[in-house]
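Chemist: There's a structure below that I have some questions on.
The values are calculated or read from the model by the stated rules, or taken from the named source; none is laboratory data. Values in this document were obtained by computation on a predicted structure and should not be read as measured data. In this analysis, Cβ positions are derived from the backbone assuming ideal geometry, glycine residues included, and neighbour counts consider all displayed protein chains. Heavy atoms of the whole protein, side chains included, go into the accessibility calculation; ligands, DNA and RNA do not. Shrake-Rupley method; radii C 1.70, N 1.55, O 1.52, S 1.80 Å.
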Amino acid sequence: MNAKRLLLTTFWVASLHFVNAQTTFYNVNTIQSVEVNFNQANWDYQLDTAKYGADGYVLANWVKINGIQYDSVGVKYKGNSSYDSTYIKNPVHIEIDHLLNQSYQGVTDIKLSNCYADPSMIREVLAYDILNNYMHAPTSNFAQLYINGSYIGLYSNDENINKDFCSNHFYSSQNTFFKCNPIVLPGPTTKSNLRYIPAGDSSSYFNYYELKSNSGWNDLVALCDSVTNHGTTMGSIMDIDRVAWMLAFNNLLVNLDSYTGVFCQNYYIYKDNTNHYNPIVWDLNMAFGGFPFVGSGNTSMGSLSIANMQQLNPLAHSTDTYWPMINAVMNNGMSKRMYIAHLRTIANEMFASNLYQTTAAQLQSLIDTAVQSDPNKFYTYTQFQNGMTTDYSVGNYTVPGITNLMAARMSYLQTNTDFTYTPPMISAVQPSNASPALNNIISITALVSNTNTNGVYLGYRSDIAQKFNRVPMFDDGLHNDGAAGDNVYGADFTVSSAVMQYYIYAENVNAGRFAPERAEHEFYIINATIQQIAAGDVVINEFMANNQNIITDANGEFEDWIELHNNLSAPVSLQGCYLTDDAANTLKWAFPQSTVIPANGYLTVWADEDLLQTGLHTNFKLAGSGEQILFSYPTSTIDSVYFTQQTANISYGRCANGSGPFKTMNPSFAAVNNCPLGISETENVTGSMLFPNPANEVLHIRTFNSNINSIKVYDILTHLIADIQLTGSGQYLMDMSKYKNGIYFVQINK
């Protein structure tokens with residue numbers, strides 16, 4: 001069950017306690033409701049005109065997301081082949097923060113795709129659901145769109161790839177960032193293929209890529225030069241593992257409206273803080289053979305029949321110079337074997353097991369009623385029901401039934417030489433110490449058979465934002481690996497952080513294998529033994545998430561900040577502690593090992609993504625619209641706070657300093673909190689606490705200077721949904737299991 005997150009503000013008698021659920025907008029098991037209202041009767045004409053013109057937004061009167069209304073929202077049509085002015089059901093981009101600083105569960109941009117060329121209606125959502133197991137990718141589900149009260153139809157609802165996405169996945173957002181789609185009409189000669197253009201300056205690339213960062217054209221030229229002319233060392237500038245996962249996914253699922261197809265498009269590249277470029281897959285509405293054009297050279301569309309798609313060679317384009325990223329992977333023996341290993345992992349986990357069919361059936365069952373009532377769907381309800389198994393014409397070509405394509409594809413791969421080479425076997429992967437102390441040296445060993453003498457490697461890292469270090473493992477009896485020649489391989493590393501992450505890769509002359517099989521996307525973890533801070537000893541004391549002009553960091557910049565306070569009369573080490581704004585990623589930013597907070601003192605951290613600046617700077621920023629801050633160890637939370645929309649130049653801190661609930665206040669940077677004066681004299685104050693935060697089954701409510709006589713619960717629209725009268729007690733256990741995830745207000749003693 002998803003937790004219900006509680007955002008605690010003031011704690012007076014009759015105070016309201018805000019309750020906010022986890023972001024569920026892209027939960028794959030849900031259908032979202034999106035309602036748009038235009039004052040303009042000719043809204044469709046205006047959207048078409050804007051699409052054909054400057055691709056601008058039309059201002060909606062309001063938009064409701066699952067019943068929550070937002071004003072001054074921008075709406076426009078999007079898409080290329082999926083858009084047509086004669087369609088009623090066009091793809092839509094909704095910008096919630098078009099004029100106002102507002103969001104829905106932190107989401108500011110809603111991208112709705114219209115299930116074009118997909119009789120099954122689930123291609124995009126199913127493909128993203130598979131891809132998220134293997135690399136950083138958008139999440140996706142379904143949404144029903146209504147405009148001016150009329151049901152337009154069922155759409156796929158895809159997470160936007162923007163700076164927030166980069167921050168969440170790559171721990172920075174200000175670096176070079178490109179969308180790789182031709183600005184001109186895509187065709188065989190207009191590819192976004194990272195091919196170097198000889199004797200051309202950066203302007204030669206303007207028609208093929210869309211810059212999403214403030215600068216980066218010269219970086220793109222250097223990247224294309226590396227990929228095209230220095231492919232054997234492409235790993236020094238690109239994350240080869242993520243490239244291999246992307247190419248394996250595209251090839252296996254015959255996702256040809258991608259880098260692997262004729263236009264080499266529909267992906268992003270982002271340069272992380274390690275100076276490596278990361279590919280991000282985008283636009284999967286034509287996966288599973290929905291776009292049959294593989295391309296050849298720089299002239300041919302390379303249209304494939306369904307039989308051709310079922311037998312698409314895993315090494316397609318490996319020698320075609322117009323796909324230089326594929327060339328670079330396939331022409332390096334190790335990266336080619338890693339690519340095939342990833343292809344085999346996806347095939348075995350999702351398709352040999354038929355797991356994808358189970359997911360597909362669940363998705364089609366979920367949307368069945370919404371599809372039946374969709375008045376503008378491109379295919380009949382019967383075609384939807386049979387879209388998994390039946391091939392259908394979509395105009396100029398035929399789209400295969402998904403199971404028809406993949407069942408035959410798996411049969412073909414089982415006869416493909418590169419796919420069927422026998423890789424090494426890896427088992428008994430274990431550390432010499434499962435709970436080592438920090439700075440200890442430990443050994444990792446694994447039993448590996450069917451490998452080369454020098455074909456086993458250990459990848460390890462101490463920080464999730466870093467690249468893995470890959471070192472050889474040995475079976476020589478000198479690396480804590482037992483006897484020489486016993487097929488047990490070993491290698492050492494120093495436990496330099498609270499959490500170490502590692503994997504094994506082994507290969508022979510023909511094939512490779514990872515352990516775990518989804519590495520580097522997944523990995524083994526070692527948690528170091530650390531003397532932990534007790535709850536309440538060190539707390540999040542104050543923070544500012546909208547610092548416009550109050551205080552600057554050492555570089556003269558107004559940035560968000562988080563202040564910790566030590567309630568003890570002795571210094572405390574923060575070794576092994578982390579800060580994050582994402583409960584799903586508690587390891588986002590680690591305190592340097594030498595960090596100490598003084599006795600009864602304060603420590604301020606800048607939340608600004610400026611890791612290269614002097615002092616303590618996190619790899620994330622705070623969202624002024626509201627989110628969560630956690631101060632934690634890898635496996636336990638020391639302190640946390642949720643907050644809603646923040647006011648410029650106003651901080652949020654504990655009153656009383658170091659122990660009380662959070663209140664808005666004038667900032668008191670690295671000092672005793674500037675709590676509002678006179679409240680105890682002018683208000684009938686009752687200190688109160690609500691926990692756990694977030695709540696799941698049970699919410700604990702406690703008061704400290706008075707009894708609880710009544711509790712009222714309101715939903716986001718301020719409808720009273722619970723009125724609990726009590727006989728007078730200092731605590732109450734509230735059953736939360738009957739409430740849906742959402743935003744609530746809890747009111748005490750009014």
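Chemist: What does the charge dipole of the stretch 257-414 about its Cα centre add up to, to the nearest 20 debye, if the Cβ of each Lys and Arg holds +1 and the Cβ of each Asp and Glu holds -1?
Modeler: With only Lys, Arg, Asp and Glu charged at Cβ, the dipole is about 380 debye.
Chemist: Order C224, C675, most accessible first, counting only protein heavy atoms with a 1.4 angstrom probe.
Modeler: Order by accessible area, largest first: C675, C224.
Chemist: Another question, then. Ordering W589, W62 by accessible area with a probe of 1.4 Å, largest first, what comes out?
Modeler: So the residues, ranked largest to smallest area, are W62, W589.
Chemist: Determine the share of the stretch 124-200's accessible area contributed by carbon and sulfur atoms, expressed in whole percent, with a 1.4 angstrom probe.
Modeler: 49
Chemist: Here's something else I'd like to know. Around A491, with a cut-off of 13 angstrom between Cβ atoms, what is the net charge of the other residues, counting Lys and Arg +1 and Asp and Glu -1?
Modeler: With Lys, Arg at +1 and Asp, Glu at -1, the net is -3.
Chemist: Rounded to the nearest 20 debye, what is the charge dipole size of the stretch 159-299 about its Cα centre when +1 sits on each Lys and Arg Cβ and -1 on each Asp and Glu Cβ?
Modeler: My answer is approximately 140 debye.
Chemist: Quick one: putting +1 on the C-beta of Lys and Arg, -1 on the C-beta of Asp and Glu, what dipole do you get for the chain around its Cα centre, in Debye to the nearest 20?
Modeler: Magnitude of the dipole: close to 780 debye.
Chemist: Would you mind working out the accessible area per residue for the stretch 152-274, using a 1.4 Å probe, and quoting it in Å²?
Modeler: 31
Chemist: In the chain, which longest range has no GluC sites (Glu not before Pro) that are both DSSP loop (not H, G, I, E or B) and surrounded by at most 15 other Cβ atoms within 10 Å?
Modeler: 1-521
Chemist: May I pose another question? Heavy atoms only, probe 1.4 Å: what % of the accessible area of the stretch 441-554 goes to carbon and sulfur, would you let me know?
Modeler: Taking all protein chains in place, the stretch 441-554 shows 45 percent carbon and sulfur surface.
Chemist: Taking only C-alpha pairs under 8 Å that are 6+ residues apart, what is the relative contact order of the stretch 293-436 in percent?
Modeler: 22
Chemist: Next up: Tell me the carbon and sulfur percent of the accessible area for the stretch 270-355, rounded to whole percent, probe radius 1.4 Å.
Modeler: On the stretch 270-355, the fraction of accessible area on carbon and sulfur atoms equals 47 percent.
Chemist: Here is a follow-up. Using just the Cα positions, wrap the chain in a convex hull and report its mean projected area in square nanometres, one decimal place.
Modeler: Computing the convex hull of the Cα atoms and averaging its projections yields 34.4 nm².
Chemist: When only Cα pairs under 8 Å and 6 or more residues apart are kept, what is the percent relative contact order across the chain?
Modeler: The value is 12 percent.
Chemist: Between Y45 and S432, what is the FRET efficiency for a Förster distance of 45 Å, r being their Cβ-Cβ separation, to the nearest 0.05?
Modeler: Given R0 = 45 Å and the Cβ-Cβ separation, E is 0.05.
Chemist: Related question: Where only protein heavy atoms count, and the probe is 1.4 Å, what is the accessible area per residue for the stretch 421-460 in Å²?
Modeler: In whole numbers, the stretch 421-460 has 48 Å² accessible per residue.
Chemist: Please identify the cysteines of the chain that lack any partner cysteine with a Cβ under 4.7 Å from their own Cβ.
Modeler: So, C115, C166, C180, C224, C264, C577.
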